[in-house]
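The values are calculated or read from the model by the stated rules, or taken from the named source; none is laboratory data. It should be emphasised that the depicted structure is a prediction, and the values quoted were computed from it without experimental measurement. Note that we place each Cβ from the backbone using ideal geometry, even for glycine, and neighbour counts take in every protein chain shown.
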Amino acid sequence: MSQPTTLFDKVWTEHIVSPETHDIPAVLYIDLHLIHEVTTPQAFTLLRKLKLPVRHPELTLATMDHSTPTVPGASFKDLAIVGESAANQIAQMQQNCADFGIDLLDADSAERGIVHIIGPELGATQPGKTIVCGDSHTSTHGAFGALAFGIGTTEVGHVLATQCLLQRRPKTLAINIDGRLPNGVCSKDLILAIIGQIGVNGGTGHVIEYRGNAISVMDMEARMTICNMSIEAGARAGMIAPDDTTISYLQGRPRAPTGADWDLAVARWRKLESDDEAVFDKTVTIGATELQPMVTFGTNPGMVIGITDPVPDGADDPSFRKALDYMQVLPGKPLTTTKVDVVFVGSCTNSRLSDLQQAADILKGHR
């Protein structure tokens, strides 16, 4: 009888090309490599220097997202608005993708967008895949039961050249969410509460699996927010087992399987969950029913409180006091007493259309 295994171990084991030894990391096969214009120029320079092709351009998807204009009405032709270096990065990306045969979601593509958003929206992000990108918040894709993590520019070059990475097996951390979230409390509040409990280093060296009723009732966009911020807890990645919600989200997406391939894929995906008796290296339990909207008051996401709670004093911690001074926040008072001048709604954590719609609904009728 086989030993019970975690969701992470099922995906990890399936992708081992060469096992880890005491002296050498495992060789891990990568199913999907997402690239953008900021962390790739040096990697392509290395390929040219070594006269190497991209090993699997069909497993590489490129988009412009970090250096593109955000000024209303601006286009790629108006890049002077955002600076010469941004224009150079975009021009290099266009040339590199053309030279190496990589699918690029360029300026005129309706599919172009934030790299962590377009993978799910297009159906390229799928359960059981290994996914990497030269960006720390690649963990977003773990919401689909994928093993997804950020890599550095040198590693981007390795994946382009070999479709593999050298990796040490991380530890596993199960975070069980008991109960359901109250009305008005969302996934961003939950992940902030988790970080507040385990700390910004609580997940260091681990892949987190999020479990429980509060997770199972979330839509995919909420799950993406949870997994995205695994990095703020110090984790290597975050994962949520795929279920009917996952499958419904992916069905009919442009790059999702179709026909008989879809049926085979769904059959595989339904097996991707931690076994009942699977053992994690560490387990944490969070109560959901008493949570309230959360807000950070300091200089890292671990400095977080419920919106009606007073800001802690932290008198014995000089770094804590320094953070309060920097933020111009007074201890002993809730942040509801603080005047807000500017609110930014977006980023790769909360920039789905549903996030923007929720914000618009709240602001409707106000100035």
- prompt: Mind checking which residues of the stretch 339-367 are surrounded by 10 or more Cβ atoms within 10 Å (Cβ to Cβ) and either among the basic types (Lys, Arg) or more than 30 Å from the chain's Cα centre (by Cα) (or both)?
  reply: 352
- prompt: Would you say residue 235 is more than 18 Å from the chain's Cα centre (by Cα), crowded, with 23+ Cβ neighbours inside 10 Å, closer than 30 Å to residue 320 by Cβ and touching a residue at least 12 places away in the same chain (Cβ under 8 Å)?
  reply: no
- prompt: What are the residues in the stretch 103-136 that are of a type in the set (Asp, Glu), within 19 Å of residue 251 (Cβ to Cβ) and modelled with pLDDT of 95 or more, if any?
  reply: 121
Tabulated pairs, the stretch 47-62, first free of Cβ contacts under 8 Å to residues at least 12 places away in the same chain, second polar (S, T, N, Q), C-beta under 8 angstrom, 6+ apart or interchain: none
Total residues in the stretch 144-203, condition among the β-branched types (Val, Ile, Thr) and within 27 Å of residue 279 (Cα to Cα): 8
- line: Within the stretch 1-40, the residues that are surrounded by 15 or more Cβ atoms within 10 Å (Cβ to Cβ) and part of a helix (DSSP H, G or I) are 7, 8, 9, 10, 11, 12, 14
query: Do the conditions hold for residue 265, that is, is it crowded, with 18+ Cβ neighbours inside 10 Å and under 21 Å from the mean Cα position of the chain (by Cα)?
result: no
